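For reference, the structure is listed below as structure tokens.
What follows is calculated from the coordinates using simple rules that are stated; it is not laboratory data. Since the structure is predicted, the reported quantities are computational estimates derived from the model, not experimental observations. Glycine also receives a Cβ, built like all others from the backbone with ideal geometry; neighbour counts cover every protein chain displayed.
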2 protein chains.
Amino acid sequence: MTPEPPAFDLEALLRDERAEVERALQRACEWLGEELPDELLQPARHAVLSGGKRFRPILCVVAYRACGGATVPAVYDLSAAIELIHAYSLMHDDLPCMDDAALRRGQPTPHTLFGEAATARAGLALIPAASLWALRASDALGADDARSRKIVSQLNRAAGAGGMVGGQALDLLGEGKYLDSNALNRLHSMKTGALLTASLVIGGIAAAASDTTLAGLESFGRGIGLAFQVTDDILDATEIAADLGKHPSDGLLDKSTYVSLFGLDEAIARAREYAEEAAAALRGTGVDAPALIALASYVVKRKK
Amino acid sequence: MTPEPPAFDLEALLRDERAEVERALQRACEWLGEELPDELLQPARHAVLSGGKRFRPILCVVAYRACGGATVPAVYDLSAAIELIHAYSLMHDDLPCMDDAALRRGQPTPHTLFGEAATARAGLALIPAASLWALRASDALGADDARSRKIVSQLNRAAGAGGMVGGQALDLLGEGKYLDSNALNRLHSMKTGALLTASLVIGGIAAAASDTTLAGLESFGRGIGLAFQVTDDILDATEIAADLGKHPSDGLLDKSTYVSLFGLDEAIARAREYAEEAAAALRGTGVDAPALIALASYVVKRKK
């Protein structure tokens, strides 16, 4: 009788990696505090250190390891650079001049505690800080200038016009309008998918992965990015505000979602399909990555 | 009789370089438009293309040339990356949630035309865009990965917590308080000086200048940065809102300025001293740069 391979312990992975990422985020905030005046450091720390799944940094670390990188603290530092971008985007999304949200993850948003101007400025400080912190971490990982440069380029592409900010703009413009599935996919590929994908690719670059492997990580990222967003829409549609710890703003704003477009059952089926396509794309490149495959299934099974 | 060297034609330099910078900014906006949705491109274009002295890009190009760089369009592209950061900072400064300014250079500010959310997002898009555009320009200039990486690092340092955003925070915190000359120098070295200095150093890096020369450019930048700000305070104190095309907000906000600290005459003397110190620092490194020396004198002689 062949023994079964041990079941992959995803929960342990998420818990352990998250703990390391939290430590790296602490280090990043200490470094930020060397230069950032205290009045901006407070909202920045609040935004960076007040929880979250840390899914992007975990993707980065897991991709790095799948590509043969040896686990060292610097890879968590690198992964934290991505979370700085994510944290800034949440700070700015929640500002009164944007979505005007008072709660995030069940906690008061930074601007309700530290004021709008200080929070806005602190968020702005995180953008260049993310690039500088990524460069520092790349050095510590022994990446050469070519790879460091690629990492900072990936990070800025994902954060900018062709990525997160561009997607947020499409999201804003889509309010109250009917978006078909192509338009919705494009929006979310930019708004959420770009940074998720960059997390994986940056992990790969840090581990000196081949271009073929990086292309595989990119396809994988695209798939789980869509699976992630469809699942977000499903959770928004099926959970109530109290469970989420935030307002179900998309419903209130009359936005197109995968659930409004396809209905709940079809949306659930699509989320699974995207995750499976992602896993298939990765297997096609020969990367042996049970942890990444497990993360793809987590994306569709998770709660908020 | 030794013939006099021809007088340096600073006005022609400013006019010609500015025209080239404008063309580069047009190219940068076209590139931005490849990815940025039109609703964000409009406020971004308005902010980037609605005039200004283009002093930072001109410093970059002139420093590059002083260090032996051959004038090619790509150096203007590189210089435009710095102006994208400057443009974003003005967009965000003028937002209702920040200084709430309706006019800038006598023209309506972007948020009055395109709304606060779109303007804020467009400004956010310019930050990573500046890094990406600088990397593109570095490639076109034939800079190797090490220099490209140094350029993007300089740009982000100047834009961030230890530079512009940090200085803006100190400025905000200084409102209604007495700042001594050390505190005022620190504030302005970060808020204005860091990006001016980075402009020079980036030009030097692009021209493959030695570390000694880069250090000279940095000292020069520190001096003209302070001269620039003292002169700003002098102009604010002596000109009226109608001439400036903007509100003399610092006076209204009861901020410490070099004029309120030292009086007008002493401030004028200090501006000249800083400019002279800057020129001396540059001469000490053996860089033959009559254009840079002329720009240092322009800093204290200019109108807004």
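Laid out as a table, the results:
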read-out: Mean Kyte hydropathy of 0.0 or more with a Cα span along the axis of at least 20 Å, helices from DSSP in chain B; value: B:73-93, B:116-140, B:211-238
read-out: Max mean-square fluctuation residue, GNM over chain A, Cα-Cα springs under 10 Å, options A:A130, A:A279, A:A117; value: A:A117
read-out: Sorted largest first, extent of the protein assembly as shown alpha carbons per principal axis (Å); value: 104, 45, 39
read-out: Alpha-carbon centroid distance for the pair region B:132-173 / region B:182-198, whole angstrom; value: 15
read-out: Exposed GluC sites (Glu not before Pro) absent - longest run of chain B, DSSP non-H/G/I/E/B, at most 14 other C-beta within 10 Å; value: B:35-174
read-out: 7 Å along Cα→Cβ, label-point gaps from A:S181 to other copies, nm, shortest first; value: 7.1
read-out: Expected 222 nm ellipticity per residue - DSSP helices of 4 or more, -39500 (n - 2.57), all of chain A, to 500; value: -23000 deg cm²/dmol
read-out: Extension reserve of the B:L235-B:D144 stretch, reckoned as 0.36 nm per residue once the Cα distance is removed; value: 28.6 nm
read-out: FRET efficiency, A:D9 to A:E30 (Cβ-Cβ, R0 25 Å, nearest 0.05); value: 0.20
read-out: Residue-averaged beta-carbon neighbours from other chains (10 angstrom radius) around B:35-41; value: 6
read-out: For B:G263, inter-copy label distances in nm, listed shortest first [label point 7 Å out on the Cα-Cβ vector]; value: 8.4
read-out: Nm distances between copies for A:P108, ranked from closest, using label points 7 Å along Cα→Cβ; value: 3.7
read-out: Semi-axis lengths (Å, descending) of the ellipsoid that matches the C-alpha gyration tensor of chain A; value: 27, 26, 17
read-out: Total charge dipole magnitude, chain B, about the Cα centre, Cβ charges on Lys, Arg, Asp, Glu only, Debye to nearest 20; value: 320
read-out: Peptide-level mean, for A:115-126, of C-beta atoms on other protein chains within 10 Å; value: 5
read-out: Whole-percent pair-distance distribution, where bins are 5 Å wide, for the alpha carbons of region B:99-247; value: 2, 9, 13, 16, 18, 17, 13, 8, 3, 1
read-out: Stretch gain in nm, segment B:A280-B:E175, where the contour uses 0.36 nm per residue and the Cα spacing is subtracted; value: 34.4 nm
read-out: Rg to Rh, two decimals, where region B:51-173 supplies the alpha carbon set and Rh follows Kirkwood; value: 1.01
read-out: Mean Cα-pair separation over length for chain B, i.e. relative contact order, pairs under 8 Å, 6 or more apart, %; value: 20
read-out: Rg over Rh, two decimals, region B:1-94 (C-alpha only, Kirkwood Rh); value: 1.10
read-out: Span per principal axis, largest first, for the Cα atoms of region A:135-222 (Å); value: 49, 24, 13
